[in-house]
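Visitor: Would you mind keeping the following structure in view while I ask a few things?
The values are calculated or read from the model by the stated rules, or taken from the named source; none is laboratory data. All values reported here derive from a predicted model rather than from experimental measurement. Cβ atoms come from the backbone with ideal geometry, glycine included; neighbour counts cover every protein chain shown. Side chains included, ligands, DNA and RNA excluded: accessible areas come from the protein's heavy atoms. Shrake-Rupley method; radii C 1.70, N 1.55, O 1.52, S 1.80 Å.
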Amino acid sequence: MSRLSMLNSTRRRQVIAAISCFMNLVSIYVILGMRLSKILENRYMNPRLGRQRMDTYTVRHYDRQRHLNNATRISDIYAFDQIRMNRTLFIRLCEVLAHDGGLKKTRNVDIDEMVYTFLRTISHNEKNRTLQLNLRRSGETISRSFHRVLKAVIRLNDQYMMKPAPIPEDCTNSRWKHFKKCLGALDGTHIEVRPLKEDQPRFRDRKHKLSMNVLGVCTPNLEFVYVLAGWEGSAHDSRVLKDALTRPNGLTLPEGCFYLCDAGYANSPGFLTPYRGQRYHLKEWGANPPLTAEEYYNMKHASARNVIERIFGVLKMRWCILRNATWFTPKEVARIVVACCILHNFIKKEQGADSCERTYRDREHELHESDEAVAMWENRTNV
């Protein structure tokens, strides 16, 4: 009996092992069948597969989709770190570029991949070779996708560049109520470029850097009205402004309205500058109240005109490609600057203030003048 029980136990183990092997074989064949059906589906949907190795194309396609999903579909926080906007705004941008910007997908690249390539490049100054490794694409495909999206974004200029509205008479904002019919502020900023050797003397600015002088005009709500990029760094701000006013589709000034600008521009109809020889910058005041009417005016002027400084800071914080010189030509850099300003207005219109704007927001004593200083000045004038 003992030997029979041992034989039965051995037989049971053999049967169990045979069943396990059979189930493993069935599962392996099922997995192989699913993979084969996926390969056939990809081959039917993409004609390039017939000219490539099936395993190579499948692996590259899988890696590419996984990278895009991780960057744009996992979470809003991770998406903002990668492309400076959340998942919903990214989908909205793809729809706007396809509908209004004329962006179309190609045989091998979808619209979302093109837009991700562009946003990743301007957000982190990503190099073409790095994107080749992440997206498993060739350098030519990356470059074509970038320039297609760049052209599509520039086509949105008329749609997302704001129309300025003057400050109303009943304005209660402490920074703008003293400037009735003011449209906003304007100033210039310098973007580093890499021009050709024979063009370097024209692009060398007063700090001996190779840069491009960019004119920006914004509203009190941190939205761009007009951007003119392309002038050499050696050009004076007033010369760039004159060119903007004489262009066919340049900067326009409604009658009776004006912009705030610094002392680098001429005090003329439509442009209000501060008093020269008086304290002006906000950091020069501190707890010291203004002593004369000219200083009080300069303090109010600096507090309001500071909006153009903040919008340039937010722009360079959001788009890293504007912080340092890139290998794009100066002509391409000028178009990239305009595209970054349009995307800034797009984010502002569709989402409002984002974390970049809140992060760069100035300290309370830089944004608003001291209440004590204002009260002291008002008491002096009443006496």
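Visitor: I'd like to check something: does region 287-302 contain any residue that is farther than 25 Å from CYS261 by Cβ, touching a Lys or Arg at 6+ places or on another chain (Cβ under 7 Å) and open to solvent by less than 60 Å² (accessible area, probe 1.4 Å)?
Guide: No: region 287-302 contains no residue that is farther than 25 Å from CYS261 by Cβ, touching a Lys or Arg at 6+ places or on another chain (Cβ under 7 Å) and open to solvent by less than 60 Å² (accessible area, probe 1.4 Å).
Visitor: Could you list, in sequence order, the residues of region 152-165 that are surrounded by 15 or more Cβ atoms within 10 Å (Cβ to Cβ) and under 12 Å from CYS340 (Cα atoms)?
Guide: Result: VAL153, LEU156, ASN157, TYR160, MET161.
Visitor: All but one of (1) in contact with a strand residue (DSSP E or B) (Cβ under 7 Å, 6 or more places away or on another chain); (2) surrounded by fewer than 19 Cβ atoms within 10 Å (Cβ to Cβ) hold for THR172; state the number of the condition that does not hold.
Guide: (1)
Visitor: Just the residues that are farther than 21 Å from HIS190 by Cβ, surrounded by fewer than 14 Cβ atoms within 10 Å (Cβ to Cβ) and either at pLDDT below 80 or of a type in the set (A, V, I, L, M, F, W, C) (or both), please, taken from region 324-354.
Guide: Hits for region 324-354 are GLY352, ALA353.
Visitor: Sort through ALA229, ALA235, ALA266, ALA244 and tell me the only one that's in a strand (DSSP E or B) and either over 18 Å from VAL337 (Cα atoms) or within 28 Å of the chain's Cα centre (by Cα) (or both).
Guide: Values: ALA235 fails: in a strand (DSSP E or B); ALA266 fails: in a strand (DSSP E or B); ALA244 fails: in a strand (DSSP E or B).
So the residue among ALA229, ALA235, ALA266, ALA244 that is in a strand (DSSP E or B) and either over 18 Å from VAL337 (Cα atoms) or within 28 Å of the chain's Cα centre (by Cα) (or both) is ALA229.
Visitor: Consider GLY216 carefully, then state whether it is within 19 Å of the chain's Cα centre (by Cα), open to solvent by less than 80 Å² (accessible area, probe 1.4 Å) and more than 30 Å from ALA79 (Cα to Cα). Full working, then the answer.
Guide: Values: within 19 Å of the chain's Cα centre (by Cα): yes; open to solvent by less than 80 Å² (accessible area, probe 1.4 Å): yes; more than 30 Å from ALA79 (Cα to Cα): no.
Taking the combined requirement at face value, the residue does not satisfy it.
Visitor: Taking the options PHE146, PHE203, name whichever one is in contact with a strand residue (DSSP E or B) (Cβ under 8 Å, 6 or more places away or on another chain), within 26 Å of PRO330 (Cβ to Cβ) and not hydroxyl-bearing (Ser, Thr, Tyr).
Guide: Details: PHE146 fails: in contact with a strand residue (DSSP E or B) (Cβ under 8 Å, 6 or more places away or on another chain).
Step by step, each of PHE146, PHE203 is checked, and only PHE203 is in contact with a strand residue (DSSP E or B) (Cβ under 8 Å, 6 or more places away or on another chain), within 26 Å of PRO330 (Cβ to Cβ) and not hydroxyl-bearing (Ser, Thr, Tyr).
Visitor: Suppose the filter is more than 23 Å from GLY352 (Cα to Cα), part of a helix (DSSP H, G or I), modelled with pLDDT under 95 and in contact with a Lys or Arg (Cβ under 7 Å, 6 or more places away or on another chain); does ARG64 pass it? Working first, answer last.
Guide: Working: more than 23 Å from GLY352 (Cα to Cα): yes; part of a helix (DSSP H, G or I): yes; modelled with pLDDT under 95: yes; in contact with a Lys or Arg (Cβ under 7 Å, 6 or more places away or on another chain): yes.
In short, yes.
Visitor: Going by the conditions given, is GLY264 touching an Asp or Glu at 6+ places or on another chain (Cβ under 6 Å) and open to solvent by less than 40 Å² (accessible area, probe 1.4 Å)?
Guide: Yes: the conditions hold for GLY264.
Visitor: Which one of PHE146, PHE80, PHE90 is closer than 25 Å to GLU192 by Cβ and aromatic (Phe, Trp, Tyr)?
Guide: Numbers: PHE80 fails: closer than 25 Å to GLU192 by Cβ; PHE90 fails: closer than 25 Å to GLU192 by Cβ.
From the options PHE146, PHE80, PHE90, the qualifying one is PHE146.
Visitor: Tally the residues that are open to solvent by 40 Å² or more (accessible area, probe 1.4 Å) and without any contact (Cβ under 8 Å) to a residue 60 or more places away in the chain, restricting the search to region 113-140. Lay out the reasoning, then the answer.
Guide: Filtering region 113-140 down to residues open to solvent by 40 Å² or more (accessible area, probe 1.4 Å) leaves 124, 127-130, 132-134, 136, 138, 140.
Checking which are without any contact (Cβ under 8 Å) to a residue 60 or more places away in the chain leaves us with 127-130, 132-133, 138, 140.
Summing the residues that are open to solvent by 40 Å² or more (accessible area, probe 1.4 Å) and without any contact (Cβ under 8 Å) to a residue 60 or more places away in the chain in region 113-140 gives 8.
Visitor: Further question on the same structure: Please go through region 219-235 and pick out each residue that is of a type in the set (S, T, N, Q) and either touching a Gly at 6+ places or on another chain (Cβ under 6 Å) or open to solvent by less than 30 Å² (accessible area, probe 1.4 Å) (or both).
Guide: Residues of region 219-235 that are of a type in the set (S, T, N, Q), as a first pass: 219, 221, 234.
If the condition is that a residue be of a type in the set (S, T, N, Q) and either touching a Gly at 6+ places or on another chain (Cβ under 6 Å) or open to solvent by less than 30 Å² (accessible area, probe 1.4 Å) (or both), then THR219 is the only one that fits.
Visitor: Give me the pairs, please: first residue somewhere in region 22-34 and over 21 Å from THR58 (Cα atoms) and in a helix (DSSP H, G or I), second residue anywhere and open to solvent by less than 80 Å² (accessible area, probe 1.4 Å) and aromatic (Phe, Trp, Tyr), beta-carbon distance under 6 Å, and either six or more positions apart or on two chains.
Guide: Matching pairs, first to second residue: none at all.
Visitor: Quick check on this structure: which one of ARG144, ARG148, ARG129, ARG120 is modelled with pLDDT of 95 or more, within 18 Å of ASN324 (Cβ to Cβ) and either in a loop (DSSP other than H, G, I, E, B) or out of contact with any Cys (no Cβ under 9 Å at 6 or more places or on another chain) (or both)?
Guide: ARG120
Visitor: Continuing with this model, one more query. Could you check how many residues of region 64-103 are touching a residue at least 40 places away in the same chain (Cβ under 8 Å) and among the basic types (Lys, Arg)?
Guide: So the first thing to find is which residues in region 64-103 are touching a residue at least 40 places away in the same chain (Cβ under 8 Å), and the list is 64, 67-68, 71-72, 80, 82-86, 89, 92-93, 96-97, 100-103.
Remaining after also requiring among the basic types (Lys, Arg): 64, 84, 92.
Matching residues across region 64-103 total 3.
A quick yes/no check of all residues on (1) of a type in the set (Gly, Ala, Ser); (2) at pLDDT 70 or above; (3) more than 19 Å from GLY188 (Cβ to Cβ); (4) part of a loop (DSSP other than H, G, I, E, B):
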residue: LEU291; (1), (2), (3), (4): no, yes, yes, yes
residue: TYR296; (1), (2), (3), (4): no, yes, yes, no
residue: LEU315; (1), (2), (3), (4): no, yes, no, no
residue: GLU357; (1), (2), (3), (4): no, yes, yes, no
residue: ASN379; (1), (2), (3), (4): no, no, yes, no
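Visitor: I've got another one for you. Just to be sure, is ILE321 more than 18 Å from ASP187 (Cβ to Cβ), assigned to a helix (DSSP H, G or I) and modelled with pLDDT of 90 or more?
Guide: On the way: more than 18 Å from ASP187 (Cβ to Cβ): yes; assigned to a helix (DSSP H, G or I): yes; modelled with pLDDT of 90 or more: yes.
Against the criterion (more than 18 Å from ASP187 (Cβ to Cβ), assigned to a helix (DSSP H, G or I) and modelled with pLDDT of 90 or more), ILE321 qualifies.
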